[in-house]
Amino acid sequence: MIRPLLTAATALALLTSTSAAAQTGLSFTLRGGVAAKPGYFGSDELSYGPDLAVSNLQVSLMGRDFGGGAPGYGLGMRGSFRYIPERSADEYGELAGLDDVDASLELGAGLGYTSSAFEAFADVRYGVIGHESLVAEVGADAVFRPLGGLTMSVGPRMLFGSEQYSDTYFGVSAAESAASGTLAAYEADGGPVSAGVELGMTYDINQDWGVDGAVRYDRFVGSAADSPIVEQGSDEQLSLRIGVTRNISLGF
């Protein structure tokens, strides 16, 4: 009598373990808040609006995890995306004569390395909506944990863009130059676009909720810095954001 019960219990335990290991799911961190950043690349004025982002995207499939969000340290894959708002000459008088640039959504992936005191990443993204060109971003951070639940990071950032990307945001065609009457015609080259530094802060309220903020300074370099659009505005770009985060896990 005891042996059949033990056999059944063992089988049930193995089945439960197998089901858990084979579970398919999706987890990510959702951030919502407010941000202040230049209205367009090269603007010398800040624009205020909502801030929404998804990070630490991780997919669990047949007992294996793919993407960011893993609790351990080391090298791993990560997702990357960026939204760039529309640039409209009707909204910015200094851009009169330039064609409008549609809003863009960049999607991509990269490699990230995480340790207790250091983080680094290298991402490649493509404009699936909008500019339809390639960009790459690299960065590294020194990480500090002065208090329980509080994490601070600071480190350099650098953005690279293809020729099509650079020409979309920093180029001025002959027709646009004639229409503006003030901006010279200019063809932007691909390569380094900007270099800067970011100071970030996160505070974990509990396992699911937190607060996330950052201040970032960038300076245009290379072909982007020589653009008439940047020269009539500013080659220094400051952005700030703060928001509430929520860790979300979905099982299938």
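The values are calculated or read from the model by the stated rules, or taken from the named source; none is laboratory data. Computed from a predicted model, the values in this text were never measured in an experiment. Glycine gets a Cβ as well: all are built from the backbone with ideal geometry, and neighbour counts include every protein chain shown. Ligands, DNA and RNA are excluded from the accessible area calculation, which covers all protein heavy atoms including side chains. Shrake-Rupley method; radii C 1.70, N 1.55, O 1.52, S 1.80 Å.
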### Task
Could you order L150, L98 so the one with the most accessible surface comes first? Probe is 1.4 Å.
L150, L98
### Query
Quick one: putting +1 on the C-beta of Lys and Arg, -1 on the C-beta of Asp and Glu, what dipole do you get for the chain around its Cα centre, in Debye to the nearest 20?
1900
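Counting Lys and Arg as +1 and Asp and Glu as -1, each charge on the Cβ, what is the dipole of the range 159-252 about the Cα centre in debye, to the nearest 20? Could the numbers behind the result be given before it?
Details: 4 positive and 14 negative charges, 77 e Å.
The dipole magnitude comes to about 380 debye.
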### Task
On a C-alpha basis, how far is the centre of the range 95-136 from the centre of the range 167-199 in Å? Whole number, if you could?
18
## Note on the structure
So the angle from the long Cα axis of helix 2-21 to the longest Cα principal axis of the chain, reported in degrees to the nearest 10, equals 0
### Task
State the answer as a single residue: which of M201, L250, S234 lies farthest towards the positive end of the charge dipole of the range 168-252, with beta carbon charges of +1 for Lys and Arg and -1 for Asp and Glu, about the Cα centre.
L250
### Task
Name the long-range amide H neighbours of E132: under 5 Å, sequence gap of 5 or more, or other chain; modelled H, no Pro or chain starts.
G127
### Task
Can you work out the accessible area per residue across the range 199-247, with the rest of the protein chains kept in place, probe 1.4 Å, in square angstrom?
52
### Task
Please give, to one decimal in nm, the separation of the simple spin-label points placed at A120 and V197, each 7 Å out from Cα toward the Cβ.
1.9
### Task
Among A120, L46, G139, pick out the residue whose Cα is farthest towards the positive end of the charge dipole of the range 21-155, where Lys and Arg carry +1 and Asp and Glu carry -1 on C-beta, about the Cα centre.
A120
### Task
Specify which labelled value, from (1) 16.3; (2) 26.9; (3) 12.8, agrees with mean projected area of the Cα convex hull in nm² derived from the coordinates of the model shown.
(1)
#### Entry: Net lengthening on full extension, E187/D100 (0.36 nm per residue, minus Cα-Cα)
29.6 nm
### Message
Could you work out how much longer the chain between R145 and A225 gets when fully extended? Use 0.36 nm per residue separation minus the Cα distance between them, nm to one decimal.
### Response
25.2 nm
### Message
Restricting to DSSP H runs of at least four residues, report the calculated mean residue ellipticity at 222 nm for the chain, -39500 (n - 2.57) per run over all residues, nearest 500 deg cm²/dmol.
### Response
-4500 deg cm²/dmol
### Message
At 7 Å along Cα-to-Cβ for each site, give me the label-to-label distance between S47 and E91 in nm.
### Response
0.3
### Message
Counting only protein heavy atoms and a 1.4 Å probe, tell me what percentage of the chain's accessible area is made up of carbon and sulfur.
### Response
61
